1. So if I check each of A:Asp202, A:Asp167, A:Asp211, which one is surrounded by 19 or more Cβ atoms within 10 Å (Cβ to Cβ) and either free of Cβ contacts under 8 Å to residues at least 24 places away in the same chain or closer than 18 Å to A:Ile6 by Cβ (or both)?
2. Of the residues that make up the stretch B:230-250, is at least one touching a residue at least 12 places away in the same chain (Cβ under 8 Å), crowded, with 23+ Cβ neighbours inside 10 Å and not hydroxyl-bearing (Ser, Thr, Tyr)?
3. Can you pull out the strands (runs of 3 or more DSSP E) entirely within the stretch A:150-230 that have at least 1 residues that are under 12 Å from the mean Cα position of the chain (by Cα)?
4. Regarding A:Gly85, is this residue within 25 Å of A:Glu240 (Cα to Cα) and surrounded by 15 or more Cβ atoms within 10 Å (Cβ to Cβ)?
5. Would you point out which residue out of B:Gly61, B:Gly118 is within 14 Å of another protein chain (Cβ to nearest Cβ) and modelled with pLDDT of 85 or more?
6. Filter the stretch B:298-340 down to residues that are aromatic (Phe, Trp, Tyr) and closer than 23 Å to B:Lys373 by Cα and give me whichever is nearest to the other protein chains (Cβ to nearest Cβ).
7. If you check B:Ser121, B:Ser130, B:Ser112, which single one turns out to be exposed (fewer than 14 other Cβ atoms within 10 Å of the Cβ), in contact (Cβ under 8 Å) with a residue 12 or more places away in the chain and over 30 Å from B:His304 (Cα atoms)?
8. Taking A:Asn91 and the conditions (1) modelled with pLDDT of 85 or more; (2) more than 9 Å from every other protein chain (Cβ to nearest Cβ); (3) part of a loop (DSSP other than H, G, I, E, B), which numbered condition does it fall short on, given that it satisfies the others?
Amino acid sequence: MTQPIIEVKDLKINLGGNWVHDGLSLTVMQGEILAIVGGSGSGKTTLLREMLLLQRPDAGSVKIFNENIMTLNTNDFLKIQQRWGVLFQQNALFSSFTLLENVAFPLHEHTTLSPRTIRELALLKILLVGLPKDSANKYPSELSGGMQKRAGLARAIVLDPELLFLDEPTSGLDPQSAEAFDELVLNLQETLGLTVVMVTHDIDSLWCVTDRVAMLGKGKVLCVDSMPELIKNKNPLIQEFFNGPRGRAVRDIYQQKGK
Amino acid sequence: MSMQEMASIKFDSKNNLITCQGEWTLAQLPHLENAISQLNDISAHNVTLDGSAVSKIDSAGAWLLTQFLNKISMSDAINHFESFAIPQQKLLDLVTKYRVEADTIPYAKDLSWLEKIGKTSVTYSKDFYSFLAFVGKLGTEFLLTIKNPATFRWKAFMSIIESAGFQALMIIALLSCMIGVVITYQMGLQLKTYGANIFIVDLLGLAILREFAPLITAIMVAGRTGSAFTAQLGTMKLNQEIDALNTMGVSPASLLFLPRVIGLTLVLPLLTMWADIFGIVGGMIMSNNMLDISWADFLNRFHHVVSLRSFLIGIGKAPVFALIISAIGCFEGNEVELNADSIGKQTTKSVVLSIFFIIIADAAFSIIFSKLKL
């Protein structure tokens with residue numbers, strides 16, 4: 001954790017007459033797994049979309065790999081785009097492509113490798129995320145929800161990015177698959193040396209995967225800290241979020257594990 | 001970021017030593033592949049691998065290295081990676097574990113021509129079967145509605161009349177007016193050479209009322225409304241809205257399909273009549289300009305030579321065309337599968353099939369009417 005990889009400063013955005021971000025600042029360090037949490041409508045997904053430049057904020061700056069992405073020209077921005085991977089909430093797999101074609105797509109677009117090399121690299125990623133070999137020629141609609149998530153992850157890491165964005169990676173998965181997915185993310189993060197930014201609601205994920213958690217509220221980041229520290233924060237919004245019956249139950253489990 | 005270090009791989013045949021250096025990343029992969037292809041004469045015995053100078057390796061680089069080691073049959077022993085940094089070793093071990101040849105993926109085998117014919121026939125017969133089932137369901141729903149008229153969805157019915165009928169008035173008027181102009185121009189040129197200018201009234205009246213107005217209107221409505229039916233119902237299916245209706249005990253047939261079918265069946269004859277008027281008007285304007293037939297002459301001759309029967313035959317075809325368009329439109333919408341591709345495919349299919357069957361039906365009508373001497 002040496003240098004910042006994302007620096008968001010004084011972000012402001014008004015959506016539908018509402019200041020969703022009102023001077024939001026956040027820094028993500030290299031090599032960490034940072035989760036963004038907050039209640040519904042607190043602007044988690046908006047923040048993610050702003051980092052990916054899918055949405056332009058009204059004011060403020062977003063620096064990724066030390067470059068202000070809002071002022072970059074198309075070519076330089078393309079270079080940044082090749083250094084990050086994104087897993088969308090609905091996976092966003094191309095439904096007319098097979099799984100292998102889906103994963104190979106960024107390689108076809110951005111490298112000059114031979115088709116054979118591309119196929120093998122894509123297949124390696126498919127196996128790395130724990131999908132069986134024979135799923136490679138299936139279409140996304142033939143895969144289960146959990147497998148689609150893994151497929152989306154395989155596509156996100158196929159260019160060996162340094163930075164990985166995950167939008168609610170475990171939503172819609174059964175507890176077992178969610179747990180396996182968390183482990184997978186941890187594993188890949190360690191071996192591939194990724195920096196991971198994830199938006200999540202899953203309190204289990206927060207405890208077992210993340211290094212730091214950023215809590216959004218009132219258009220700002222209320223607090224960024226590791227889970228055990230974050231829940232000690234006295235801010236009523238944070239207390240409300242983590243001290244419901246579910247939050248307490250999960251906390252107790254992980255705190256006992258910790259001891 | 002500093003300049004990228006060039007990656008390289010070298011083989012020292014004296015010491016049997018393979019040395020890897022630099023950044024083994026995806027960006028360097030074409031260069032490395034090239035370098036590897038130039039390495040020859042590596043004997044698999046006692047070769048050692050030195051990766052201490054590798055500054056960075058990602059999974060693409062690791063894949064290439066393991067691929068290479070496999071080729072010179074060094075892959076069995078994993079401890080070749082001792083000289084790499086610890087995180088790099090982990091990655092190399094992981095990639096070694098998962099590396100497979102892409103050739104070993106089972107591809108779906110190509111079907112022979114006989115199998116293809118068989119498969120296509122089965123698909124078409126299945127499609128036809130489910131279309132019959134769909135029409136049957138619509139029919140029973142229609143009978144149920146007749147038995148209990150209070151259950152008819154008037155609101156949905158009215159909105160179909162508005163979108164499929166009222167909103168199509170402008171475009172149909174314009175289109176049929178143009179058709180009238182075009183026919184008069186083409187036929188007028190021929191008639192003029194015989195000095196038979198006034199016969200344009202007969203030709204125009206019969207052609208527009210019997211054939212062009214019903215056909216053009218039906219094709220326009222198939223493109224405009226049939227595709228809209230498929231897309232709307234397909235989106236609802238994709239959104240599980242149709243499933244939701246079914247679980248609430250509301251039949252999608254009565255709420256969605258029946259108002260569309262009945263609405264269109266009512267609206268299309270009206271639109272055809274509208275097209276009749278503008279087709280004739282277009283022809284009249286052209287006759288007036290090109291063939292010197294005055295408005296009065298035209299109208300005077302019109303009701304003598306064009307019988308009411310021609311008009312009724314044209315209007316009579318419209319409900320049949322409407323049934324074809326609405327039934328196919330609703331059916332294809334209902335057949336949408338749960339992927340984004342499907343809506344486009346079904347919509348195309350709906351329009352193509354509608355127009356195909358409209359023309360088939362029109363040909364059938366022509367044959368029947370000529371046999372009946374109508």
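The values are calculated or read from the model by the stated rules, or taken from the named source; none is laboratory data. The structure presented is a predicted model; accordingly, all values stated were derived computationally and were not measured. When we count neighbours, we look across all protein chains shown, and the Cβ atoms used for this are built from the backbone with ideal geometry, even at glycine.
1. Numbers: A:Asp202 fails: either free of Cβ contacts under 8 Å to residues at least 24 places away in the same chain or closer than 18 Å to A:Ile6 by Cβ (or both); A:Asp211 fails: surrounded by 19 or more Cβ atoms within 10 Å (Cβ to Cβ).
One residue alone meets the criteria, A:Asp167.
2. Start the filter on the stretch B:230-250 by keeping residues that are touching a residue at least 12 places away in the same chain (Cβ under 8 Å), which leaves B:230-238, B:242.
Retained after the next criterion (residues that are crowded, with 23+ Cβ neighbours inside 10 Å): B:230, B:233-234.
Keeping just the survivors that are not hydroxyl-bearing (Ser, Thr, Tyr) gives B:233-234.
Within the stretch B:230-250, one or more residues are touching a residue at least 12 places away in the same chain (Cβ under 8 Å), crowded, with 23+ Cβ neighbours inside 10 Å and not hydroxyl-bearing (Ser, Thr, Tyr).
3. On the way: elements: A:163-167, A:195-199, A:212-217, A:220-225.
By residue number, A:163-167, A:195-199.
4. Details: within 25 Å of A:Glu240 (Cα to Cα): no; surrounded by 15 or more Cβ atoms within 10 Å (Cβ to Cβ): yes.
So A:Gly85 does not fit the description; no.
5. Numbers: B:Gly118 fails: within 14 Å of another protein chain (Cβ to nearest Cβ).
After applying the criteria, what remains is B:Gly61.
6. Of the stretch B:298-340, the ones aromatic (Phe, Trp, Tyr) are B:298, B:302, B:311, B:321, B:331.
Subset that is closer than 23 Å to B:Lys373 by Cα: B:302, B:311, B:321.
Values: B:Phe302: 54, B:Phe311: 48, B:Phe321: 33 Å.
The selected residue is B:Phe321.
7. Within the list B:Ser121, B:Ser130, B:Ser112, the selection yields B:Ser130.
8. (1)
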